[in-house]
1. Within segment 157-174, take every residue that is among the aliphatic types (A, V, I, L, M) and open to solvent by 10 Å² or more (accessible area, probe 1.4 Å) and give me the one that is farthest from Leu186 (Cα to Cα).
2. Would you mind finding the one in Val74, Val85, Val65 that is closer than 17 Å to Gln27 by Cα, in contact with a Ser or Thr (Cβ under 9 Å, 6 or more places away or on another chain) and β-branched (Val, Ile, Thr)?
3. Listed residues Ser81, Ser99, Ser36, Ser63; which is more than 26 Å from His208 (Cα to Cα) and either touching a Gly at 6+ places or on another chain (Cβ under 9 Å) or modelled with pLDDT under 90 (or both)?
4. Residue pairs, Cβ under 7 Å, 6 or more apart or interchain, first in segment 119-139 and of a type in the set (Val, Ile, Thr), second at pLDDT 85 or above. List them.
5. Need a quick list: helices (runs of 4 or more DSSP H) entirely within segment 134-211 having at least 1 residues that are touching a Phe, Trp or Tyr at 6+ places or on another chain (Cβ under 6 Å) and modelled with pLDDT of 90 or more.
6. When you go through (1) under 16 Å from the mean Cα position of the chain (by Cα); (2) modelled with pLDDT of 90 or more one by one for Trp10, which number turns out not to apply?
7. Could you list, in sequence order, all residues of segment 206-247 that are of a type in the set (A, V, I, L, M), touching a Ser or Thr at 6+ places or on another chain (Cβ under 8 Å) and more than 27 Å from Leu168 (Cα to Cα)?
8. With respect to Leu151, is the statement that it is of a type in the set (A, V, I, L, M, F, W, C), open to solvent by less than 30 Å² (accessible area, probe 1.4 Å) and within 20 Å of Lys214 (Cβ to Cβ) true?
Amino acid sequence: MILTVAAKEWRALFVSPLAWVVLAFFQLVLAWIFLSRLDAFLSIQSQLVALANPPGATELIISPVFGVASIVLVMAVPLLSMRLVAEERRNHTMTLLLSAPISMTDIVLGKFLGIFAFLLLPILLIGAMGASLAWGGRLDWGLVASNLIGLALVAAGLAAIGLFASCLTAHPVVAAVAALAISLALWMANLGTSDPASPLHLVSLLKHFEPFSKGVIDTASLAYFALLTGLFLLLAIRRLDADRLRG
């Protein structure tokens with residue numbers, strides 16, 4: 001049943017003009033960043049040769065593109081996730097969904113998997129864009145893989161936040177604003193502190209994405225993204241359960 005809901009949401013995103021506009025904007029921005037970084041790399045390549053241990057194309061081109069992609073996701077995911085449940089309420093189909101012989105857990109996990117599978121497409125396209133550089137030189141495939149994993153975890157956390165926000169209202173725009181506010185707050189949580197021991201580092205999305213951008217698979221960051229995603233999915237399930245009990 002979870003896969004049935006996921007497939008329905010995945011197909012719904014593919015027929016949504018807004019989803020294609022967001023996806024096109026996402027790829028346009030990243031292609032521009034990629035070409036700009038490539039041009040800068042080629043212009044300093046002769047100077048890099050003189051260094052004893054010069055950084056390669058992976059460090060100077062691909063990792064920064066993934067970094068920008070994580071910021072664009074913070075803006076794009078709320079727009080893609082805002083209709084997941086809010087549109088069901090607006091179209092008055094939520095009552096039918098709540099009365100169907102399916103658990104709230106299946107509904108939430110199905111909708112989450114549907115949007116997460118959709119978000120994996122642009123992430124894999126970024127990987128393919130970076131892999132194209134292998135034709136002209138050597139790449140650090142471990143660094144590329146860790147960036148892919150990190151960005152997929154960021155997308156999962158943002159999708160869970162967006163799904164929860166969509167459960168709170170019947171207005172998709174309100175859901176998008178709420179999801180964006182939560183995502184930005186978590187993203188920038190530690191930007192205002194210079195204290196390395198500040199607890200704000202524990203909740204910062206940016207802080208926990210950094211190890212992956214440096215090629216490190218950090219278990220603490222893996223646990224953070226698992227907890228973040230699980231927490232907001234649980235909150236979404238509790239919200240829909242409360243709606244079902246109220247009838």
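1. Ala170
2. Val74
3. Result of the check over Ser81, Ser99, Ser36, Ser63: Ser99.
4. Ile123/Leu148; Ile123/Leu151; Ile123/Ala152; Ile123/Ala155; Ile126/Leu30; Ile126/Val65; Ile126/Phe66; Ile126/Ala69
5. Where helices (runs of 4 or more DSSP H) fall fully within segment 134-211 and carry at least 1 residues being touching a Phe, Trp or Tyr at 6+ places or on another chain (Cβ under 6 Å) and modelled with pLDDT of 90 or more, they are 141-167.
6. Condition not satisfied by Trp10: (2).
7. Val216, Ile217
8. Yes; evaluated as a whole, the condition is true for this residue.
The values are calculated or read from the model by the stated rules, or taken from the named source; none is laboratory data. Small disclaimer: the values here were computed from a predicted structure and weren't measured. Cβ: placed from backbone, ideal geometry, glycine included. Neighbour counts: every protein chain shown. Each accessible area value is taken on the protein alone, full model and side chains, heavy atoms only, with ligands, DNA and RNA left out. Shrake-Rupley method; radii C 1.70, N 1.55, O 1.52, S 1.80 Å.
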